[in-house]
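This report refers to the structure that appears directly beneath it.
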2 protein chains.
Amino acid sequence: MNGKLRVNPEVREHVLAAVKELGYRPNKVARSLRTQASRVLALVVSDISNPFFGSVIRGVEDVAGSADYLVVLFNSDEDVERERRYLSIIVAERMAGVIISPTSERKTDLSLLVDNGIPIVTVDRLAKTSGTDTVRSDNVEGARLATAHLLDQGYRRIGYVGGPAAATTSRERLVGYKAALRQARVRFERRLLSAGDFKEESGHVVMTKLLEAQPDAVLVANHTMAIGALRSLREAGLRYPDDLGFVSFDDPPWASLTHPSLTVIAQRDLEIGRQAAHLLKQRILEPDRPAVRAILQPELRVRESSLRPVP
Amino acid sequence: MNGKLRVNPEVREHVLAAVKELGYRPNKVARSLRTQASRVLALVVSDISNPFFGSVIRGVEDVAGSADYLVVLFNSDEDVERERRYLSIIVAERMAGVIISPTSERKTDLSLLVDNGIPIVTVDRLAKTSGTDTVRSDNVEGARLATAHLLDQGYRRIGYVGGPAAATTSRERLVGYKAALRQARVRFERRLLSAGDFKEESGHVVMTKLLEAQPDAVLVANHTMAIGALRSLREAGLRYPDDLGFVSFDDPPWASLTHPSLTVIAQRDLEIGRQAAHLLKQRILEPDRPAVRAILQPELRVRESSLRPVP
DNA sequence: CTGTTAGCGCGTTCAC
DNA sequence: GTGAACGCGCTAACAG
């Protein structure tokens, strides 16, 4: 049946007929128990409602599916505790491998997986566990591009709405932001810096607070917070780009459809998912291969929200 | 260890210490095989990138998680073949139950699940398999509300961008659309009707085609197609609500943030997910309980895109 | 090339 | 109250 052994054609015929007759379906639970292996990959993302991860998921499913792996999805929701529970489940279910965007570089504990020999690929972010394959964007460059573009437009008091310091993306994007300011010899001001938790509500709270420092532009570190931030601007009666230049990470389909349309840093999300799945497949076959750290270049897409009107 | 049997306290102590010492983790694969049961629920959605399903997922996870069920997610992407493969996997993995938004009322074949005694709840849509629990919106009423609102604003040539006829939501929403026209004694015109496949690209194609019939307003049957439709309007240089009134199903966070903001039919998505998970839990406990068909009322949220300027 | 058998790690049952 | 033996459904290793 599994097409491996050489069998007498007529026997094979007979068996296949019986399979159809009885509606026999192999029990994969039993198979997994016996072979000590499974065709199930876990994909743990930190925010399923962020279209960035939506595309990553699609990329993973594309290549995993065509390699006959089943992808099961977990949504950690930026919650270390939830994430921990999921990792525990993954071990208990003896899944074949894990692709994860770790909630926290320090707190996310992948040692459970490592100890049980489960292959890991991190996406979007790094984890302290060294030696895992990684696929992510060049976040420093992304933030630098965005900030330089705003400076170029003549904005001078550029705010930064970052994510939790525990996520490597937050910190790297902050580095890029600072680098651009330094390059342009614009003074860095601590008051223009703020940190949320990558979720919509915090984008709203943090942006509202940031407005007190009177920025003339803002860079938001992910899409989900950008929505909260836009809500805050609307409540304050501020219009972009007139009152405030606006750039954010991630490029959902509607960003180009609104008036004014949104300038964004687009990541190669689909490709990140694809490469992650490829790396995981390889790592499963060849556990001792040296770790790969892939870095993809993000792209600045200039639209209306960052085009400063000439005074 | 499972806290069932009455054991000598000191023995228990000793065992628990050993568990910690050795880092022992029960093998759920073996447990499933032995007990012929699992704590895994499958959730098969037809479009993971639609924020409507994002909320449904969250609702399911909320109640399933607190009942110690693990939710694994499948994205059928409106593809009957993919869906079929997933259902086959669910049977092979002997999962405890399934929540599904069936791609097609006729073609989606749930009999495989029924034959294997796997409990089913359908969400958002119906399947031909009778006797399953169901949670969905009152689609007829939703479309009727939207259309009546547009008529009320003075729009007369209202187009309808529907989904595939195979999905019950498409057909029900069409019924509501027609009902509103009839109530207002506005003549129904076949040219103003069109059907996509619920995906973004088809929203774009179908809307572009529909414009030839010169509608003065349009109702789009889901969010994903609405994005494609908006892109089409932008390309045609049409503005809403000035040139065209615009209403669509589903209410993602950004609908209220754009200029002009979008009038929508909001479904009680989170609640749909919650109730579905509740019903599935109950059905697992009590397989012969009569089927429940829950219907939740959607809500018209009037914003700028449908407010016809007085001539 | 074919039929038989052991055992994966659990939960359950039956002696003790 | 405790321990040993059995079997869930499958694959791999073996003997015929």
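Values in this text are rule-based calculations from the coordinates and carry no lab data. Just so it is clear, the structure is predicted and the values come from calculations on it, not from any experiment. FYI the Cβ positions are ideal-geometry reconstructions off the backbone, even for glycines, and counts take in every protein chain you see.
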### Task
Taking only Cα atoms and a 10 Å spring cutoff, compute GNM fluctuations for chain B and point out the largest among B:Arg125, B:Arg157, B:Arg190.
B:Arg190
### Kirkwood Rh, angstrom, chain B [1 / mean 1/r, Cα pairs]
21.2
## Note on the structure
A correct Karplus calculation of ³J(HN,Hα) over segment B:158-168, with 6.51 cos²θ - 1.76 cosθ + 1.60, θ = phi - 60°, whole Hz and x for Gly and Pro, returns 9, x, 10, 9, x, x, x, 4, 5, 8, 5
### Rough spin-label spacing in nm, given labels placed 7 Å along Cα→Cβ, for A:Arg156 and B:Lys128
7.1
### Query
Across the residues of A:229-237, average count of Cβ atoms on other protein chains within 10 Å?
2
### Summary
For A:Asp251, the residues 5 or more places away or on another chain with a placed amide H closer than 5 Å to its own amide H are A:Gln267
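Summing Lys, Arg as +1 and Asp, Glu as -1, what charge do residues with Cβ under 11 Å from the Cβ of A:Ser202 carry, A:Ser202 excluded?
Local net charge: -2.
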### Task
Filter the trypsin sites (Lys or Arg not before Pro) in segment B:67-123 to those in DSSP coil with at most 14 other Cβ atoms within 10 Å of their Cβ, and list the result.
B:Arg106, B:Lys107
### Summary
Which of B:Thr129, B:Thr168, B:Thr208 fluctuates most in a GNM of chain B (C-alpha springs under 10 Å)? That residue is B:Thr129
## Note on the structure
The distance between the Cα centres of segment A:16-31 and segment A:186-252, in whole Å, is 57
### Task
Return the subset of A:Lys20/B:Lys107; A:Lys107/A:Lys199; A:Lys178/A:Lys209; B:Lys107/B:Lys178 for which the Cα-Cα distance in this structure is over 22 Å, preserving the input order.
B:Lys107/B:Lys178
### Query
Can you give the angle from 0 to 90° between the axis of helix B:200-210 and the longest principal axis of chain B, with both taken from C-alpha atoms, to the nearest 10?
20
### Message
From Cα pairs below 8 angstrom and at least 6 apart in sequence, can you work out the relative contact order of chain A, rounded to a whole percent?
### Response
20
#### Entry: All-pairs alpha carbon distance profile, segment B:175-307, 10 Å steps from 0, percent
11, 35, 30, 15, 8, 1
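Rg to Rh for segment A:128-228: what is it, with Cα atoms only and Rh by Kirkwood?
0.99
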## Note on the structure
For segment A:239-250, in residue order, the Karplus 3J(HN,Hα) values (coefficients 6.51, -1.76, 1.60; θ = phi - 60°; whole Hz; Gly and Pro = x) are 10, 10, x, 4, 8, 7, x, 9, 9, 9, 6, 6
### Task
Rank A:Asn222, A:Ala148, A:Ser256 by how far each Cα sits towards the positive end of the charge dipole of chain A (+1 on Lys, Arg Cβ; -1 on Asp, Glu Cβ) and give me just the farthest.
A:Ala148
### Query
For segment A:1-115, what ratio Rg/Rh do Cα atoms give with a Kirkwood hydrodynamic radius?
1.13
### Segment B:Gln214-B:Val15, extension gain: residue separation times 0.36 nm, minus the distance between their alpha carbons
64.0 nm
### Task
Report the trypsin sites (Lys or Arg not before Pro) located in segment A:222-311 that are in a DSSP loop and have at most 16 other Cβ atoms inside 10 Å of their Cβ, or state none.
A:Arg239
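From Cα pairs below 8 angstrom and at least 6 apart in sequence, can you work out the relative contact order of segment B:139-240, rounded to a whole percent?
32
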#### Entry: Residues whose placed amide H lies under 5 Å from that of B:Val71, excluding near-sequence neighbours
B:Leu41
### Task
Tell me what chain A gives for mean residue ellipticity at 222 nm when only DSSP H runs of n ≥ 4 count, each as -39,500 (n - 2.57), the sum divided by the residue total, rounded to 500 deg cm²/dmol.
-13000 deg cm²/dmol
### Task
Over all alpha-carbon pairs of segment B:44-95, lay out the pair-distance distribution in 5 Å bins, whole %, shortest bin first.
5, 19, 24, 22, 22, 7, 1
### Task
Just rank B:Val302, A:Val220, B:Val98, fewest to most, by other beta-carbon atoms within 10 angstrom.
B:Val302, B:Val98, A:Val220
### Distance in nm between pseudo-label sites at B:Ser111 and A:Arg31 (7 Å out along the Cβ direction from Cα)
2.4
### Query
What ranking do B:Tyr69, A:Tyr160 get, fewest neighbouring Cβ atoms within 10 angstrom at the top?
B:Tyr69, A:Tyr160
## Note on the structure
Magnitude of the Cβ-charge dipole (Lys and Arg +1, Asp and Glu -1) of the protein assembly as shown about the Cα centre, nearest 20 debye, reported as 580
### Message
Need one number: convex hull volume per residue for segment B:49-173, Cα atoms only, in Å³.
### Response
119
### Query
In degrees from 0 to 90, rounded to the nearest 10, what is the angle of the helix A:9-22 Cα long axis to the longest principal axis of chain A?
60
### Magnitude of the charge dipole, segment B:32-97, Cβ model with Lys/Arg +1 and Asp/Glu -1, debye to 20
380
### Query
Given springs between every Cα pair under 10 Å in a Gaussian network model of chain B, which of B:Ala127, B:Ala165, B:Ala17 has the largest fluctuation?
B:Ala17
### Task
Select from A:Ala167, A:Leu270, A:Ile118 the residue farthest towards the positive end of the dipole of chain A; place +1 on Cβ of Lys and Arg, -1 on Cβ of Asp and Glu, and compute about the Cα centre.
A:Ile118
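Mind checking the mean number of beta-carbon atoms from other chains within 10 Å of the Cβ atoms in A:26-39?
4
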### Query
In square nanometres, what is the average projected area of the Cα convex hull of the protein assembly as shown?
33.5
### Message
Taking the 0 to 90 degree range and rounding to the nearest ten, how far is the long axis of helix A:269-285 tilted relative to the main principal axis of chain A, both from C-alpha atoms?
### Response
40
### Task
Can you grab the distance from the C-alpha centre of segment B:112-130 to the C-alpha centre of segment A:79-115, Å, no decimals?
32
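Where does each of B:Met225, B:Met95 land when they are ranked from fewest to most other beta-carbon atoms within 10 angstrom? The partial results should precede the final answer.
Values: B:Met225 30, B:Met95 24.
Least crowded to most crowded, the residues run B:Met95, B:Met225.
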